[in-house]
Amino acid sequence: MASAAADAAQSSAASAARLAREWSTWAMKKSEKMVISFARIKPRKKKKKAKVVAHYGFIPLVVLVGMRSEPRPSLAQLLSPV
Amino acid sequence: MGSAASASAPPPPPPVQPHGAAPPYGVGLAGILPPKPDGDEKKEEKVDYLNLPCPVAYEEIQREALMSLKPELFEGLRFDFTKMLSQKFALSHSVLMGSLEVPSQSADVIKVPTAQYEFGANFIDLPQLMLIGRLMTDGRLNARVKCDLTENLALKVNAQLTSEPHYSQGMFNFDYKGTDYRAQFQIGNNAFYGANYIQSVTPNLSMGTEIFWLGQQRKSGIGFNSRYNTDKMVGTLQVASTGIVALSYVQKVSEKVSLATDFMYNHMSRDVTSSVGYDYILRQCRLRGKIDSNGVVAAYLEERLNMGVNFLLSAEIDHAKKNYKFGFGMTVGE
């Protein structure tokens, strides 16, 4: 029984590692595309775009980082008022 | 002289304290100096100038005085609710219904009644990363990021972004912490550049300087400050080329009571302000009160009603300008 639990833990760890790899390659591809399109814009408009991105994206970024940190809170915990 | 003495003797293991007196400069220093014979402690403690503690950051030298003398006074109703989703992540909701003062040219005080709701998200994973964001109903975002790039170098970002153009502000700070000094470099919007450096001179005294340049208005300035603190008191002095001289002194009278006073002189506008205040930290409440040289009396009470529930009362009375601000509120959540 102990070995079965250890096996289950190992396989879930392996699948988690695979998921993490997939997520990170996806994120890298997306960010490369964004950086290339960003580098093509003029400097003053760049500042404006950066400010707009920061303005709209900062709180979602904090929430995203928080939801992914250990221990993972669930979506129900995020949305419920209690 | 100091270096030869401490380099030649190999450091003995930290001695058992036979006298029962705590070493005034910390356990590390007691491990380096040889143990003292009885009765000679106070006179013969030799300061090891190569092993001074790291000083308080430049912008925080007045933090004890600011904590005691400048509580967040408000007018109206205030309600804060903080919900911890995990040890590191929390969401906060905050409602403020009351009057905000609008700065006006004339001597009159203009108050605008406002109601605002503020949503906040905090992710605090010290020491590596700290993200704090606050978003208000009028679209203003207040963002603070603190990130440790290496063990000694930290990056701090502080930004207020608004929907109206040209009102946003941002500041990037790079902090380097050495063994007994700290250095900081700042870049802000409107081409603001600043740098400051603070060094521990003795175990109780630290001194620092700063220099800044404001690109848009082509102004530069230089400042000097120093802080002297012991277990019982903190005294600070700040002088800047913008014509400001500021002194502050905080005395910790007992575990529960501290008294603070500060003095500020502005040479450009020939304005002098001084205030005296007290800070009682009791088991169930924290009460701060102060009186100003302008005749302004203020008090702030935070009472702990229950685990995680705090009741706030704030009052500020200015008879000369006929400005009376009273506020009450509640804070729920850790």
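Conditions tested, residue by residue: (1) over 24 Å from B:Val145 (Cβ atoms); (2) at pLDDT below 90; (3) open to solvent by less than 70 Å² (accessible area, probe 1.4 Å); (4) in a strand (DSSP E or B).
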site	(1), (2), (3), (4)
B:Asp38	yes, yes, no, no
B:Val47	yes, yes, yes, no
B:Leu73	yes, no, yes, no
B:Gly120	no, no, yes, yes
B:Met130	no, no, yes, yes
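Within region B:268-276, is even one residue farther than 30 Å from B:Pro113 by Cα, surrounded by 15 or more Cβ atoms within 10 Å (Cβ to Cβ) and free of Cβ contacts under 8 Å to residues at least 60 places away in the same chain? Checked against the condition, which is being farther than 30 Å from B:Pro113 by Cα, surrounded by 15 or more Cβ atoms within 10 Å (Cβ to Cβ) and free of Cβ contacts under 8 Å to residues at least 60 places away in the same chain, region B:268-276 yields at least one hit. Condition (residue is within 10 Å of chain A (Cβ to nearest Cβ) and at pLDDT 90 or above) applied to region B:104-117: is it met by at least one residue? No; the residues of region B:104-117 include none that is within 10 Å of chain A (Cβ to nearest Cβ) and at pLDDT 90 or above. If the condition is being farther than 16 Å from B:Leu52 by Cα and of a type in the set (S, T, N, Q), then region B:197-216 contributes B:Thr209, B:Gln216.
Condition check ((1) farther than 24 Å from B:Ser99 by Cβ; (2) charged (D, E, K, R); (3) modelled with pLDDT of 95 or more; (4) open to solvent by 70 Å² or more (accessible area, probe 1.4 Å)) across all residues:
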{"position": "B:Tyr249", "(1), (2), (3), (4)": "yes, no, yes, yes"}
{"position": "B:Tyr278", "(1), (2), (3), (4)": "yes, no, yes, yes"}
{"position": "B:Arg283", "(1), (2), (3), (4)": "yes, yes, no, yes"}
{"position": "B:Ala298", "(1), (2), (3), (4)": "no, no, yes, no"}
{"position": "B:Asn306", "(1), (2), (3), (4)": "yes, no, no, yes"}
{"position": "B:Gly329", "(1), (2), (3), (4)": "no, no, yes, no"}
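Name the pairs: first residue in region B:253-267 and in a loop (DSSP other than H, G, I, E, B), second residue open to solvent by less than 50 Å² (accessible area, probe 1.4 Å), Cβ to Cβ under 7 Å, at least 6 apart or on different chains? Within 7 Å, the pairs are B:His267/B:Gly243.
Looking only at residues in region A:62-76 that are more than 9 Å from chain B (Cβ to nearest Cβ) and not small (Gly, Ala, Ser), the one that is surrounded by the fewest Cβ atoms within 10 Å (Cβ to Cβ) is A:Leu75. Within region B:49-71, the only residue that satisfies the criterion of being among the aromatic types (Phe, Trp, Tyr) and modelled with pLDDT of 85 or more is B:Tyr58. Filtering region B:144-186 to residues that are outside any strand (DSSP E or B) and open to solvent by 70 Å² or more (accessible area, probe 1.4 Å) leaves B:Leu149, B:Thr150, B:Glu151, B:Ser163, B:Glu164, B:Pro165, B:His166, B:Tyr167, B:Thr179.
The values are calculated or read from the model by the stated rules, or taken from the named source; none is laboratory data. Since we're looking at a predicted model, the values are computed, not measured. Because the Cβ atoms are built from the backbone with ideal geometry, glycine has one as well, and the counts that use them run over all protein chains shown. Heads up: the accessible areas ignore ligands, DNA and RNA and are worked out on the full protein's heavy atoms, side chains in. Shrake-Rupley method; radii C 1.70, N 1.55, O 1.52, S 1.80 Å.
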